[in-house]
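We did not get these values from a lab; they are worked out from the coordinates using the rules stated. On a predicted model such as this, the values are computed, not experimentally measured, just so you know. Ideal geometry is used to build each Cβ from the backbone, glycine not excepted, and the neighbour counts take in all protein chains shown.
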Amino acid sequence: MNYFITILLSLLFLLPNSSDAKILVKVGGYEFYPFVEYEGKSGHTIEIIKKFNQSQDKYKFQFVLTSAKRRYRDFTTGKFDVILFEDESWGWSQEKINYNTSSVLAKGQEVIIALKANNRDQSFFSNFKDKKIKLILGYHYKLLNMQTDHKISENKKIEGISFGTSLKENLNELLEGKIDITFLNSFELDELFKDKYFSKDQILINKEEDHTYTLRAIMTPNSPIHMSEFEQLFNKHKINI
């Protein structure tokens, strides 16, 4: 009898559990507030992944950290299957990459801000010459013809442009008076006002945005989940952005 019990227990251990049977879907993301923050520890994308995993048993969604500059290479080499909240004009159409897109997930703007100061008004943004501007490496800006190469600033003869790797880094330098102007997305600007990171009395916002964008999911053609099924999940678990 003990022999048969041992055999039965051995067979049970060999059976795959429900988590092993799930189909893995890798979701890429890089530092892009408020969608991915603190190297993927928080943000809207992380929140969505958690909701996806809690609501169904067919797929296991797993976050994969990439960078703004490396996202295209990681996408084409299969390091992730889908990336959320991307605009096609952010290099995807120029990189000659095969991909599928979802319907619109969100719309926003790239906003230009400075510190308020005496006698400083909208005319402050009319000329960027002789101003210290800090952007984020790997991001796309209309100011730089939607190119990510920092050398483009030299081609446009705009002096004083530097690049950081973190939005909060740029904002802190703005608040400390180390730079004159920085750019950020409208979603994060709203979050920062809500969290009282700074007040509206401190910040001068350019009435003309750098550019507007339409954010979608971008998926590999051989993704383990079909775009229509992904959209059903997303629409079921919409978050407030």
Inset, instruction - For the chain, with a Gaussian network of springs between Cα atoms less than 10 Å apart, report the residue from G29, G138, G160 with the top mean-square fluctuation. - result: G160
Legend entry - Long-range HN-HN contacts of Q109 with modeled amide H, under 5 Å: S186, F187, Y213
Inset, instruction - Tell me what the chain gives for mean residue ellipticity at 222 nm when only DSSP H runs of n ≥ 4 count, each as -39,500 (n - 2.57), the sum divided by the residue total, rounded to 500 deg cm²/dmol. - result: -7500 deg cm²/dmol
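Count charges around E173 for me, please; just the other residues with Cβ under 12 Å from its Cβ, Lys/Arg as +1, Asp/Glu as -1. Show your work: numbers first, answer last.
Numbers: positive: K132, K134, K168, K178; negative: E169, E176, D180.
It works out to a net charge of +1.
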Inset, instruction - Report the charge-dipole magnitude of the chain in Debye, nearest 20, computed about the Cα centre from +1 at each Lys and Arg Cβ and -1 at each Asp and Glu Cβ. - result: 180 debye
Inset, instruction - Please report the relative contact order for the range 93-235, taking Cα pairs under 8 Å with a sequence separation of at least 6, and give it as a percent rounded to a whole number. - result: 46 percent
Inset, instruction - Give, as a single signed number, the net charge of other residues whose beta carbon lies under 12 Å from the beta carbon of Q232, with Lys and Arg counted +1 and Asp and Glu -1. - result: +1
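Can you tell me what share of the DSSP beta bridges in the chain is antiparallel? A percent to the nearest 5 is fine. Kindly include the intermediate steps, with their values, before the conclusion.
Working: 20 of 35 bridges.
Counting only bridges with both partners in the chain, antiparallel ones make up about 55 percent.
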Inset, instruction - Give, in nm to one decimal, the length gained when the segment between T76 and D130 is fully stretched (0.36 nm per residue of separation minus the Cα-Cα distance). - result: 15.4 nm
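Identify the GluC sites (Glu not before Pro) of the range 196-241 meeting these criteria: DSSP loop state and at most 15 other C-beta atoms within 10 Å of the C-beta. If you can, show how the numbers build up before the last one.
Numbers: sites: E208, E209, E229, E231; in loops: E208, E209.
Sparse-neighbourhood loop GluC sites (Glu not before Pro): E208.
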Legend entry - ³J(HN,Hα) computed for each position of the range 160-177 - Karplus, 6.51 cos²θ - 1.76 cosθ + 1.60, integer Hz, glycine/proline x: x, 8, 10, 10, x, 10, 9, 4, 5, 4, 5, 5, 5, 5, 5, 5, 7, x
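Below 8 Å between Cα atoms, with a sequence gap of 6+, how large is the relative contact order for the range 23-168 in percent? Show your work: numbers first, answer last.
Numbers: 172 pairs, mean separation 30.7, N = 146.
Value for the range 23-168: 21 percent.
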Legend entry - Two-decimal ratio, the chain, of alpha-carbon radius of gyration to 2.2 N^0.38 Å: 1.26
Legend entry - Qualifying lysines (Cα of each under 20 Å from Cα of K107; at least 8 residues distant if same chain): K142, K194, K207, K236, K238
Inset, instruction - Can you figure out the FRET efficiency of K238 with T212, using R₀ = 22 Å and their beta-carbon distance, to the nearest 0.05? - result: 0.55
Legend entry - Principal-axis tilt of helix 44-55 within the chain, Cα atoms, nearest 10 degrees: 20 degrees
